[in-house]
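What follows draws every value from the coordinates through simple rules; no lab data is involved. If you're wondering where the values come from, they're calculated on a predicted model, not measured in any experiment. Cβ sites come from the backbone with ideal geometry, for glycine too, and all protein chains shown count toward neighbours.
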Amino acid sequence: MTKTLTFLGLESSCDDTGAAVVRHTPGDAAQVLSNVIAGQTDLHAAFGGVVPELAARAHAVKLDLVTEQALAQAGVTLKDLDGIAVTAGPGLIGGVLSGVMLAKGLCAATGLPLVGVNHLAGHALTPRLTDNLAFPYLMLLVSGGHCQFLRVDGPQAFTRLGGTIDDAPGEAFDKTAKLLGLPQPGGPSVEHEAQTGDPARFAFPRPLLDRPGCDLSFSGLKTALMRARDAVVAEKGGLTRQDRADLCAGFQAAVADVLTEKSRRALALCPDISGFAVAGGVAANKTLRAQLEQVAAPVPFLAPPLALCTDNAAMIAYAGIERFRTGQSDDMTLSARPRWPLDSTAPAMIGSGKRGAKA
Ligand code: KG4
Ligand code: ZN
């Protein structure tokens, strides 16, 4: 199918309610006509993590509103669309259900095609949305809920080369910030503190580097950080600003080193790729980006702008267009899936983390 397609995308799998309109003509760069996101950080702040029931209710309230805004900002009405794409999993089931029900309602009312999208496919296809990157390429997904290496051969052809066996790195950044009394989300606060810290003062472990392959682990690092903090507090009765900065710098260096070495291994498994791309909130980290760019050479390194790196509906609209072009769509039996691995042949990952399934 070579015609220009305009899709509405809906995203509600975790703690961001998103609606976006994307237009794409084969051979041209895709156009993000609108990309509206309503976050829920304040709603969950007091609980130290996303509360699924609260998230689902907020999605149900906000989805209609963000959809209206996305259509208005794009300057289109439902009549101008060629289809509606919605995240059908993996994620927190109440939120995913809210999105799927709205998409079904809109498709039933308008007769538009309904296209269910895997949230992870949305992230994984983002370098095509932003840079028209040719298949095959390597993707590192690093966020608060996901951490995996994917070889991407087509709109629905993904091979998982490795992933976390416990926490996602964003979770570890958030936990580190909490342990050090820094504001959430933890990634930006830890990165900020680390700027004035000495990464060599605390010897943090580099988990799983002694094992072959591309799997990762971050829960041990969290524990190591807590022990190091407790040792300083026991010795001095508290943490100075410099202690905090050194702890942040040491932790960040450990995460970046592990991700860099595992990326080197994943790249070695893919000698034929057109690029190495990252997505997810943790990909905003400058130390990490710089190290990944170095290890990617000579293949190009791609890091999408932050609004398209973190959870958003533009990536869902775009992934829906790519799937629709292969001749696929769904009907009213489309179901919401809490777990939905992109690569059904890879062994299931252990652990699901507080931000939901990593499938
Ligand atoms: O992709 P995202 O918005 O949501 C999902 O979790 O899916 O990622 C959010 C995560 C949070 O854990 C946050 O602390 C982390 O990304 N993050 C960062 C940075 N900015 C955000 N981690 C490290 N360095 C950053 N600069
Ligand atoms: Zn995500």
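Overview of results
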read-out: Computed lengthening from ALA109 to ALA297, 0.36 nm per intervening residue step minus Cα-Cα distance; value: 62.7 nm
read-out: Computed helical MRE - 222 nm, the chain, DSSP H runs ≥ 4 contributing -39500 (n - 2.57), nearest 500; value: -13500 deg cm²/dmol
read-out: Per residue, the convex hull volume that the Cα atoms of the stretch 108-170 enclose (Å³); value: 122 Å³
read-out: Spin-label pair THR326/ASP198, simplified geometry with 7 Å Cα→Cβ offset, distance in nm; value: 5.3 nm
read-out: Proportion of all alpha-carbon pairs of the stretch 296-345 beyond 12 Å (%); value: 79 percent
read-out: With eigenvalues of the C-alpha gyration tensor scaled by 5 and rooted, the chain, Å; value: 36, 23, 17
read-out: Sorted largest first, extent of the stretch 230-359 alpha carbons per principal axis (Å); value: 64, 38, 31
read-out: Separation in nanometres of the label points that stand 7 Å from Cα toward Cβ, at THR345 and ALA234; value: 5.0 nm
read-out: 10 Å-binned pair-distance histogram of the stretch 77-224 (Cα, whole percent); value: 10, 27, 30, 22, 9, 3, 0
read-out: Principal semi-axes in Å for the stretch 198-288 [√(5λ), Cα gyration tensor, largest first]; value: 31, 14, 9
read-out: Ordering of 312-323, 152-163, 112-123 by burial proxy (mean other Cβ atoms within 10 Å per residue, highest first); value: 312-323, 112-123, 152-163
read-out: √(5λ) per eigenvalue of the Cα gyration tensor, the stretch 35-118, largest first, Å; value: 25, 15, 9
read-out: Highest-MSF residue in the chain out of ALA303, ALA20, ALA346 [GNM, Cα springs under 10 Å]; value: ALA346
read-out: Antiparallel bridges, percent of DSSP beta bridges restricted to the chain (to nearest 5); value: 65 percent
read-out: Fraction in percent of alpha-carbon pairs per bin - 5 Å, the stretch 242-315; value: 3, 15, 23, 21, 18, 12, 5, 2, 1, 0
read-out: Percent of beta bridges antiparallel (DSSP, the stretch 137-305, rounded to nearest 5); value: 65 percent
read-out: Rounded to 10°, Cα long-axis angle of helix 241-268 versus longest principal axis of the chain; value: 60 degrees
read-out: Rounded tilt (10° steps) of 93-110 against the dominant C-alpha axis of the chain; value: 20 degrees
read-out: Other-chain or far-sequence residues with amide H under 5 Å of LEU33's (modelled H); value: VAL21, VAL22, ARG23
read-out: Residue-count net charge about PRO300 - beta-carbon cut-off 11 Å; Lys, Arg +1, Asp, Glu -1; value: -2
read-out: Inter-part distance where the stretch 208-241 and the stretch 110-133 are each reduced to a Cα centre, Å; value: 37 Å
read-out: At q = 0.12, 0.15, 0.17 Å⁻¹, base-10 log of I(q)/I(0) for the stretch 137-305 (Debye sum, equal scatterers on each alpha carbon); value: -0.52, -0.77, -0.96
